[in-house]
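**Student:** Got a structure for you, questions after.
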Amino acid sequence: MTIKKLLVAAAIVAVSTSAAANDSDKVNFEKTYSAFQQALNEQAESSKLVELAQQSYQTGEKYFGVDNINTANLKMSYLNLVPIETLRSAESQQLADSALEAYRQHYQADAPELIGALQMVLSTRDSSSDMNKLKDIFYELIDVADANMASQPEVMLREKVDAGAQMLRLGSRASSELVEFAEAANKQFGDEHELTLLASFHAGRYLEAKGDFEQAVANFQKLTAVEKVPRNLSYPKYISHARLVNHLEKLGRSDEATEHCVAIANLGYGIGEEREPQPLYRVNPKYPSSLASLERGGKVTMKFDINAIGMVENIEIVESDYKALANVSIEAIKQWRYAPYVKDGKPAVATGRMVQMVFEME
């Protein structure tokens, strides 16, 4: 959640105070909450904001009560600030659940205010969570978004896409809805709209997880085909190029994969003064039948370079137990693709890279 949204929640608390359980609870809350607001305004370090947000919901809980909507707002502010490892903890899950219950009691069943709390429940979960419960949460969010679609079409469809992406992260089959969301965005906003591109990206991720690489490629290409994208899509565009290298190679469309290697080299996303090459596509060598029939294994050590567009070249066998192993290892590594090495902020050749292939009979 942005600082702006946090301050909106803060204003709700400020004007909605009820009678305090006692004066000390009121004083403690107002002191802590004032410090939190000041830290927000001063854009303090994240660790300080988290600490003050936690103190605010804890003192607010004593002041307003556990089930009060103001307490729920304070919990939401805290959860929107914590790092991922804290967000996925059991404590955060309990806070998200309690905040959602307070929102349900305070708002009508189709109120758009519910969506933030529903999203938070999904955000706090991991793949070990109760998927049936999360599926119910997901479709509750979809129902709320649909109820408000006429008045806020872009906002509500974005919420659906974000929720679908969370379900994909969790490994839920409900993430199949992402394909429909992408189609809906394209129909309503056009194929180059930021939301359409984002939805297509997540739909591509779902399709590749499903194993439908042809359709995944089509969705990733929608984003890579746009020359200039909004800043929030820079990383999805980079990932789309990377996934296309992998999938196009698997589909036997190596020339197209190479084009995306070149695009990655020219993108500049995340490029600082120096960055190591990042593997995009690898294939394992085929076990030589002549050695497999004898149940013989071995090792091959190779040195190679990665050129400025991420292609492997200048392969040299350093050591090999058998010539047959060296031959199949060379054939495999020729097909590897990388996001190139970056030096002084520009793609460059990475020399003297080493790899060892190990062949073992199971």
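The values are calculated or read from the model by the stated rules, or taken from the named source; none is laboratory data. Everything numeric in this text was worked out from a predicted model, so none of it was measured. Here the Cβ is made from the backbone with ideal geometry for all residues, glycine too, and neighbour counts use every protein chain on show. The accessibility values were calculated without ligands, DNA or RNA, using every heavy atom of the protein model including side chains. Shrake-Rupley method; radii C 1.70, N 1.55, O 1.52, S 1.80 Å.
**Student:** Pairs please, first residue from segment 158-179 and open to solvent by 30 Å² or more (accessible area, probe 1.4 Å), second anywhere and in a loop (DSSP other than H, G, I, E, B) and of a type in the set (S, T, N, Q), Cβ atoms under 7 Å, 6+ apart in sequence or on different chains.
**Tutor:** GLY171/SER127
**Student:** Do you know which residues across segment 210-249 are among the basic types (Lys, Arg) and either modelled with pLDDT of 90 or more or touching a His at 6+ places or on another chain (Cβ under 9 Å) (or both)?
**Tutor:** Once the filter is applied, which keeps residues that are among the basic types (Lys, Arg) and either modelled with pLDDT of 90 or more or touching a His at 6+ places or on another chain (Cβ under 9 Å) (or both), segment 210-249 yields LYS210, LYS222, LYS237, ARG243.
**Student:** May I ask you to say which residue of TYR103, TYR139, TYR78, TYR63 is over 20 Å from the mean Cα position of the chain (by Cα) and under 24 Å from ASP23 (Cβ atoms)?
**Tutor:** After ruling out the rest, the residue left standing is TYR63.
**Student:** Identify, from the list GLU259, GLU227, GLU214, the residue that is touching a residue at least 24 places away in the same chain (Cβ under 8 Å) and either among the charged types (D, E, K, R) or outside any helix (DSSP H, G or I) (or both).
**Tutor:** Going through GLU259, GLU227, GLU214 in turn, the sole match is GLU214.
**Student:** I would also like to ask the following. Within the bounds of segment 168-186, is there any residue that is over 27 Å from ASP212 (Cα atoms) and touching a helix residue (DSSP H, G or I) at 6+ places or on another chain (Cβ under 7 Å)?
**Tutor:** No, segment 168-186 has no match at all.
**Student:** Against the condition modelled with pLDDT of 95 or more and assigned to a helix (DSSP H, G or I), how does ALA163 come out, does it pass?
**Tutor:** Yes: the conditions hold for ALA163.
**Student:** Only one of these conditions is not met by PRO153: (1) within 18 Å of LYS222 (Cβ to Cβ); (2) at pLDDT 95 or above; (3) out of contact with any Lys or Arg (no Cβ under 8 Å at 6 or more places or on another chain). Which number is it?
**Tutor:** Just one mismatch for PRO153, condition (1).
**Student:** Among (1) free of Cβ contacts under 8 Å to residues at least 60 places away in the same chain; (2) within 21 Å of TYR33 (Cα to Cα); (3) of a type outside the set (Val, Ile, Thr), where does ALA111 come up short?
**Tutor:** (2)
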